[in-house]
Amino acid sequence: MKFNIPVEVLTIIQQLQKNNFEAYLVGGCVRDLLLKKEPKDWDIATQAKPEEIQRIFPESIYENAFGTVGIKTSSEQENLKIIETTTFRKEGKYTDKRHPDYVVFAETIEEDLSRRDFTINALALKIDFQENLKNRFQIIDPFNGQKDLRDKIIRTVGNPEERFQEDALRLMRAIRLAVELNFKIEEKTFSAIQKMASLLQQIAPERIRDEFVKIILTPLAAEGILLLHEANLLKQFLPELEEGVGVGQNKHHVYSVFEHLWRSLDYAARNNYSLEVRLAALFHDLGKPRTKEGEGPNSTFYNHEMESTKMVYNLMTRLRFDKKTIKKVIKLVRYHGFVYDPEITTDSSIRRLILKVGKENIFELAKLREADRIGSGCPKAKPFRLRHFLFRVEKILKEMAGEQPSLKMLKINGNEIMKITNLQPGPKVGAILNILLEEILDDPLKNEKKYLEKRAKELSQLSDKELEEKQKMAKETYLDLLKEEEEQLKKKHQVV
Ligand code: ATP
Ligand code: MG
């Protein structure tokens with residue numbers, strides 16, 4: 001056997017051995033080496049206690065309460081900068097289904113392997129260093145992980161129900177590994193997942209999200225969603241998606257809302273589109289079940305884009321996605337229904353769409369449209385219309401170089417408005433500016449002093465309420481509404 005192991009990792013193992021401690025490569029990296037895949041990270045298990053590891057490697061940090069020491073290397077490569085080295089451990093008692101209550105160090109590598117989640121992850125690699133550099137390798141495999149690797153099977157080490165009860169994140173890890181590796185989950189393991197699914201409620205949302213994102217980023221993401229559904233896990237952390245199961249659409253669609261969504265994701269994932277496009281593909285019609293009116297071929301989903309946007313904002317916030325990712329996904333979802341007709345759509349409405357969805361997102365909006373079409377059962381992803389749209393977008397983007405929707409674009413400012421309308425500084429002036437901005441985005445020819453002055457005067461005649469309404473309509477991107485809501489909430493809390 002020959003394995004390609006980075007010298008930084010070999011050096012650490014050799015050093016530990018020279019100090020008379022057993023040390024092995026363990027877990028996912030051994031699995032990946034056997035599968036001839038590049039490991040994502042390298043983990044070492046050793047007999048040495050954390051203090052002993054630190055004594056041998058002064059350049060190290062005791063990372064957590066579970067016996068893991070991060071050893072710093074001089075590598076420039078991200079996943080080699082710190083190598084996690086963990087003292088042999090056995091399973092402590094879990095009361096929170098997350099972290100063992102206390103760590104019990106183990107004496108042997110076999111004991112350490114028995115606390116690991118799945119047989120294919122309960123593997124260790126022993127290295128005997130030889131003078132002639134022809135190192136000898138031996139796989140330690142007490143739970144027949146190599147056989148399961150060959151048979152492409154995910155199976156827990158020991159009794160599946162007990163193992164999921166100890167740590168419910170394993171429920172998600174099973175599905176994630178199955179789609180990442182394209183393996184099947186063994187029957188007893190799968191039944192246990194279905195039975196224990198509700199334990200997932202005890203897991204921190206960001207840990208669930210990490211596994212979910214890994215599933216979404218595989219080419220088999222859609223199969224992952226179906227598997228999560230079948231495993232009863234989807235309703236634990238994404239009940240919104242379950243709402244679309246069996247919800248029929250109208251005469252324009254052959255699939256139910258749920259099927260349409262996973263099929264859209266399937267297209268996005270197989271084409272290696274970004275995480276945001278994949279999420280938007282999976283979520284874009286979430287609001288349909290809640291907005292459905294009527295049944296059968298003539299049912300409608302009025303305003304479902306807005307409902308979907310709200311739901312996506314809520315669920316991504318709940319799963320602790322970062323702000324940047326949330327913003328991008330909700331913009332895509334908000335505008336996924338844009339209408340384009342080569343004969344009718346004007347340049348200014350394309351400009352407006354570009355400014356609302358963002359220059360940096362407009363091509364991804366087109367990718368979402370492809371996914372939406374294929375997910376509806378249309379045979380062609382890029383029909384003439386969409387290609388035509390992209391052609392015009394490119395042309396308009398060139399004309400718009402450097403432009404961002406900002407009040408600075410207006411050929412009039414707040415002071416000038418106050419002068420001609422006799423208004424005092426305040427929200428009314430702001431509202432007028434916002435409305436004017438929206439108008440010139442629609443029609444750049446209106447960005448001319450005379451017109452803006454006349455329009456500002458007209459607007460200043462409106463009542464506060466009318467102005468506010470108009471401004472809301474003009475800014476009716478869900479993002480702005482959210483910002484307002486957030487600020488109102490903040491104010492409320494300050495008062496209390
Ligand atoms: P990846 O390829 O994403 O790194 P991995 O299987 O290596 O997948 P890690 O999170 O790197 O996952 O964990 C390394 C090893 O630690 C696993 O292979 C497994 O042996 C063990 N492990 C990780 N999480 C758990 C868990 N929740 N319960 C039991 N063992 C675990
Ligand atoms: Mg790993």
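What FRET efficiency do you get for GLN15 and THR291 if R0 is 51 Å and r is their Cβ-Cβ distance, rounded to the nearest 0.05? Walk me through the intermediate numbers first.
Working: r = 63 Å, r/R0 = 1.23.
Efficiency, from the Cβ-Cβ distance: 0.20.
Can you give the relative contact order of region 108-207 as a percent, counting alpha carbon pairs under 8 Å and 6+ residues apart? Provide the component values of the computation, followed by the final result.
Values: 121 pairs, mean separation 23.8, N = 100.
Across region 108-207, relative contact order equals 24 percent.
Beyond 28 Å between alpha-carbons counts as too far, so tell me which of LYS288/LYS380; LYS408/LYS454; LYS214/LYS235; LYS428/LYS449; LYS367/LYS446; LYS328/LYS398 fall in that bin. All intermediate terms of the calculation are to be shown ahead of the outcome.
Working: LYS288/LYS380 24 Å; LYS408/LYS454 19 Å; LYS214/LYS235 18 Å; LYS428/LYS449 19 Å; LYS367/LYS446 32 Å; LYS328/LYS398 22 Å.
Over 28 Å apart, Cα to Cα: LYS367/LYS446.
Using the heavy atoms of the protein chains alone and a 1.4 angstrom probe, what is the accessible area of the chain per residue in square angstrom?
Numbers: 25230 Å² over 496 residues.
With the other protein chains kept in place, the chain gives 51 Å² per residue.
Nearest 20 debye, what's the magnitude of the dipole of the chain about its Cα centre given +1 on Lys and Arg Cβ and -1 on Asp and Glu Cβ? Display every interim value, and only then the final one.
On the way: 83 positive and 78 negative charges, 251 e Å.
The calculated dipole for the chain is roughly 1200 debye.
Quick check: Cα centre of region 210-239 to Cα centre of region 117-175, how many Å?
That distance is 23 Å.
Distance between Cα centroids, region 298-348 to region 351-415: provide it in whole Å.
13 Å
If each DSSP helix of 4+ residues adds -39,500 (n - 2.57) and the sum is divided by the residues in the chain, what number results at 222 nm, nearest 500 deg cm²/dmol? Could the numbers behind the result be given before it?
Numbers: 25 runs with 259 residues, N = 496.
Mean residue ellipticity at 222 nm (helix-derived): -15500 deg cm²/dmol.
Tell me the volume per residue, in Å³, of the convex hull enclosing the alpha carbons of region 257-320. The partial results should precede the final answer.
Details: hull volume 5.4 nm³, N = 64.
Each residue corresponds to 85 Å³ of Cα convex hull volume.
Mind ranking 364-374, 43-53, 122-132 by how tightly packed they are, going by the mean number of other C-beta atoms within 10 angstrom, highest first?
Put in order of decreasing packing, that is 364-374, 43-53, 122-132.
Based on the alpha-carbon gyration tensor of the chain, what equivalent-ellipsoid semi-axes (square roots of 5 times the eigenvalues) come out, in whole Å, largest first?
Values: eigenvalues 574, 147, 100 Å².
Sorted largest first and rounded, they come to 54, 27, 22 Å.
What net charge is computed for the residues neighbouring ASP372, neighbours being all others with C-beta under 14 Å from the C-beta of ASP372, Lys and Arg scored +1, Asp and Glu -1?
Value of the local net charge: +4.
Assuming R0 = 41 Å, what is the FRET efficiency of GLU51 and GLN194, from their Cβ-Cβ distance, to the nearest 0.05? Intermediate results must be reported in sequence, preceding the final value.
On the way: r = 44 Å, r/R0 = 1.06.
Taking R0 as 41 Å, the efficiency between GLU51 and GLN194 is 0.40.
Hey, got the dipole for region 156-237? About the Cα centre, +1 on K and R Cβ, -1 on D and E Cβ, debye to the nearest 20?
Working: 11 positive and 12 negative charges, 20 e Å.
The dipole magnitude comes to about 100 debye.
Please report, as a whole percent, how much of the solvent-accessible surface of the chain comes from carbon and sulfur atoms (probe radius 1.4 Å). Can you show the working numbers first?
Numbers: 12490 of 25230 Å².
Roughly 50 percent of what the probe reaches on the chain is carbon or sulfur.
What's the ranking of 414-425, 302-313 by average number of surrounding C-beta atoms within 10 Å, highest first?
On the way: 414-425: 13.6, 302-313: 19.8.
Result, highest mean Cβ count within 10 Å first: 302-313, 414-425.
Straight-line reach only, C-alpha to C-alpha below 15 angstrom: list the aspartates and glutamates that LYS188 could link to, leaving out same-chain residues fewer than 8 apart.
Once the sequence-local aspartates and glutamates are set aside, what remains near LYS188 is ASP117, ASP148, GLU161, GLU162, GLU230.
7 Å from Cα along Cα→Cβ at both ASP464 and PHE66: what's the point-to-point distance in nm?
5.6 nm
Relative contact order of the chain, please, whole-number percent, based on alpha carbon pairs below 8 angstrom and at least 6 residues apart. Each step should come with its number before you reach the end.
Working: 753 pairs, mean separation 38.8, N = 496.
Relative contact order, the chain: 8 percent.
Would you mind counting up the charge near PHE88? Only other residues with Cβ under 13 Å from its Cβ, with Lys and Arg at +1 and Asp and Glu at -1.
Working: positive: LYS49, ARG89, LYS90, ARG115, ARG116; negative: GLU22, ASP43, GLU52, GLU91, GLU107, GLU110, GLU111, ASP112.
Taking every other residue near PHE88 into account, the sum is -3.
The values are calculated or read from the model by the stated rules, or taken from the named source; none is laboratory data. The shown structure was predicted, so the numbers you read here are calculated from the model rather than taken from an experiment. A quick note on method: Cβ atoms are made from the backbone with ideal geometry, for glycine too, and the neighbour counts reach across all protein chains shown. Remember, those area values only see protein heavy atoms, side chains included, never the ligands or the DNA or RNA. Shrake-Rupley method; radii C 1.70, N 1.55, O 1.52, S 1.80 Å.
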